[in-house]
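See below for the structure under consideration.
The values are calculated or read from the model by the stated rules, or taken from the named source; none is laboratory data. These figures come from a predicted structure and were not determined experimentally. Positions of Cβ are generated from backbone atoms using ideal geometry, with glycine treated the same way; all protein chains shown enter the neighbour counts. Just so you know, the surface numbers come from the protein's heavy atoms only, side chains and all, with ligands and any DNA or RNA stripped out. Shrake-Rupley method; radii C 1.70, N 1.55, O 1.52, S 1.80 Å.
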Amino acid sequence: MAGLLELPGYDEERLRRVSEQLPCRELQAGLLLSLMGQPQQYCYPSLFIYGHRASGKSHVLNVFMKDLELPHVTVSCVECVSVALLFEKVLQSFFGGNAASLLPRSPSLSDFVRIYRQQSSQSPAKQTRYIVMEKAELLRDGDVNLLPTLLRLQELVKDNVSVILLSEIVWDKFRPNTGCFEPLLLHFPDYSKGELQQILSTDRHPSYSAEFYSSYINMLLGVFYPICRDLRELRHLAALNFSKFFEPVAAGKVKETDTHKLWKYIEPHLKKAMQTVYLREVSSLQWEQMAEHETGALRGLSAHTHVELPYYSKFLLIAAYLASYNPARTDKRFFLKHHGKIRKTNFLKKNEKTSNHLLGPKPFPLDRLLAVFYSVVDSRVAPTASIFSQISSLVTLQLLTLVSHDDQLDTPKYKCAVSLDFISAISRTVNFDIVKYLYDFL
């Protein structure tokens, strides 16, 4: 890898230290360094680095800038909510606070270019200055001229400056209709399973051998790799569940080399953690406390199963589930007192022989939702604005999905977007036996 990072103008010892900090990114680091060139040379005006989340883009650049001591400024497009903050941060980093104070209250692109050009003529760059733009996809929502200006900033300010854009989407989604200067593209692919194994194994606990921790990472990836390839999330999950993995070893029940027994201990905990990947529903400390006080079998339900909703919102959600999974003509069977004796086989059509839960939720109109709601709620409820606002809240929480067009205000249609486990848990909180009202369970 050291050979890939050899370039005249850089100290060999520094390049070696940089190489050690970039495992599994040898090719990308070497390409980036060759594109940047020697420190005193003019770099290409703009580079576009793209790849999925946690693929090493920011890490490689940060290591380069800090360890090679390159003049740079890192700008987060999330934090810079206005172009004024962007211009101020760039000028302050390169030329000091006095230069930033020269900006007017509402600076334009021409103001920024003019002041930068004045300051660079007074203190020209001895080596390339880099402007690193993180989350660059947000630039598309700003001034229409901002992105084209940044791409050719070197030409406009007559200075040795290069703009590096970091993004999770491809350049084709950036290119303006009017055209612009094309940056050089560099792709960071996702880490493979072997690369993730290598990187995560470096975080091993010092009290245990490398082989022991590597076997733990192998088990972790065996469970999570099909659904999650985010290095940061996998690193968090590895740190969160390792205490359960070495618990039987610390107690003397299992040897470090007995991977079969260790898998039996860790499997239920990993499968439970799989239900809450990315959610961060509880902190790491709370997760450990829950694991310590847990008795009996581990439940595989997410903490969303215990979501707190207003009283009538729970019944609205129950009514929506019944309207989504029961055929419309069975409402008489479930919600009228004198419906007569109707057997399931008497009104079973050919296309209804398949379980409705296998076919998925079906849309229903608002009037049917309210009719079922007034039938299942255990008290008289007036159709007030509060009930309708709670329906909108359920849509906002993505528990209900609006499937009709926005212009259909008189007959909106919805779908229920929760699982049977979820609605069963909600029903238990209001003492409602939902299974008795489901057509599939007759």
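For the stretch 33-52, filtering for residues that are in contact with a Lys or Arg (Cβ under 9 Å, 6 or more places away or on another chain) and not in a loop (DSSP other than H, G, I, E, B) leaves 3. Pairing each residue of the stretch 70-85 that is over 18 Å from Val161 (Cα atoms) with any residue that is in a loop (DSSP other than H, G, I, E, B) and not charged (D, E, K, R), provided the two are 6+ apart or on different chains, yields C-beta distances under 8 Å for Val83/Pro107; Val83/Gly142; Ala84/Leu103; Ala84/Ser106; Ala84/Pro107.
Ser106: in contact with a helix residue (DSSP H, G or I) (Cβ under 9 Å, 6 or more places away or on another chain), open to solvent by 30 Å² or more (accessible area, probe 1.4 Å) and within 23 Å of Tyr42 (Cβ to Cβ), yes or no? When the stated conditions are applied, Ser106 does not pass them. Quick check: anything in the stretch 140-163 closer than 26 Å to Ser55 by Cβ and open to solvent by 50 Å² or more (accessible area, probe 1.4 Å)? Yes, there is a match, as at least one residue in the stretch 140-163 is closer than 26 Å to Ser55 by Cβ and open to solvent by 50 Å² or more (accessible area, probe 1.4 Å).
Just so you know, in the stretch 409-431 the residues that are over 18 Å from Lys362 (Cα atoms) and in a loop (DSSP other than H, G, I, E, B) include one that is modelled with the lowest pLDDT, and it is Leu409. Residues that are more than 24 Å from the chain's Cα centre (by Cα), at pLDDT 90 or above and not aliphatic (A, V, I, L, M) occur at least once in the stretch 161-173. When Ser55 is tested against (1) in a loop (DSSP other than H, G, I, E, B); (2) within 24 Å of Glu155 (Cα to Cα), only condition (2) is not met. Within the stretch 160-202, the set of residues being among the acidic types (Asp, Glu) and over 26 Å from Arg129 (Cβ atoms) comprises Asp172, Asp190, Glu195.
Could you check the stretch 1-47 and list, in sequence order, the residues that are closer than 28 Å to Gln197 by Cα and touching a Pro at 6+ places or on another chain (Cβ under 9 Å)? If the condition is that a residue be closer than 28 Å to Gln197 by Cα and touching a Pro at 6+ places or on another chain (Cβ under 9 Å), then Met1, Gln28 are the ones that fit.
For beta carbons closer than 9 Å, sequence separation of 6+ or different chains, a first residue in the stretch 143-157 that is under 12 Å from Phe181 (Cβ atoms) and a second that is open to solvent by 10 Å² or more (accessible area, probe 1.4 Å) and of a type in the set (Gly, Ala, Ser), the qualifying pairs are Pro148/Gly179. Checked against (1) modelled with pLDDT of 85 or more; (2) under 22 Å from Phe432 (Cα atoms), Pro383 meets all criteria but (1). When you look at Ser324, is it crowded, with 16+ Cβ neighbours inside 10 Å, at pLDDT 75 or above and closer than 21 Å to Leu438 by Cβ, yes or no? Yes: the conditions hold for Ser324. Quick check, is Lys57 in contact with a Cys (Cβ under 9 Å, 6 or more places away or on another chain) and either buried (at least 16 other Cβ atoms within 10 Å of the Cβ) or within 30 Å of Glu233 (Cβ to Cβ) (or both)? So Lys57 fails the test. For the stretch 164-181, a residue qualifies if it is acidic (Asp, Glu) and either in contact (Cβ under 8 Å) with a residue 24 or more places away in the chain or surrounded by 12 or more Cβ atoms within 10 Å (Cβ to Cβ) (or both), and exactly one does: Glu168.
The helices (runs of 4 or more DSSP H) falling completely within the stretch 192-276 that include 1 or more residues that are open to solvent by 10 Å² or more (accessible area, probe 1.4 Å), farther than 21 Å from Arg53 by Cα and touching a Leu at 6+ places or on another chain (Cβ under 8 Å) map to 210-224, 231-250, 259-274.
Of all the residues in the stretch 1-54, those that are open to solvent by 20 Å² or more (accessible area, probe 1.4 Å), of a type in the set (Gly, Ala, Ser) and over 26 Å from Trp171 (Cα atoms) number 3. All of (1) hydroxyl-bearing (Ser, Thr, Tyr); (2) open to solvent by 40 Å² or more (accessible area, probe 1.4 Å); (3) within 25 Å of the chain's Cα centre (by Cα); (4) closer than 24 Å to Glu195 by Cα hold for Ser82 with one exception: (4).
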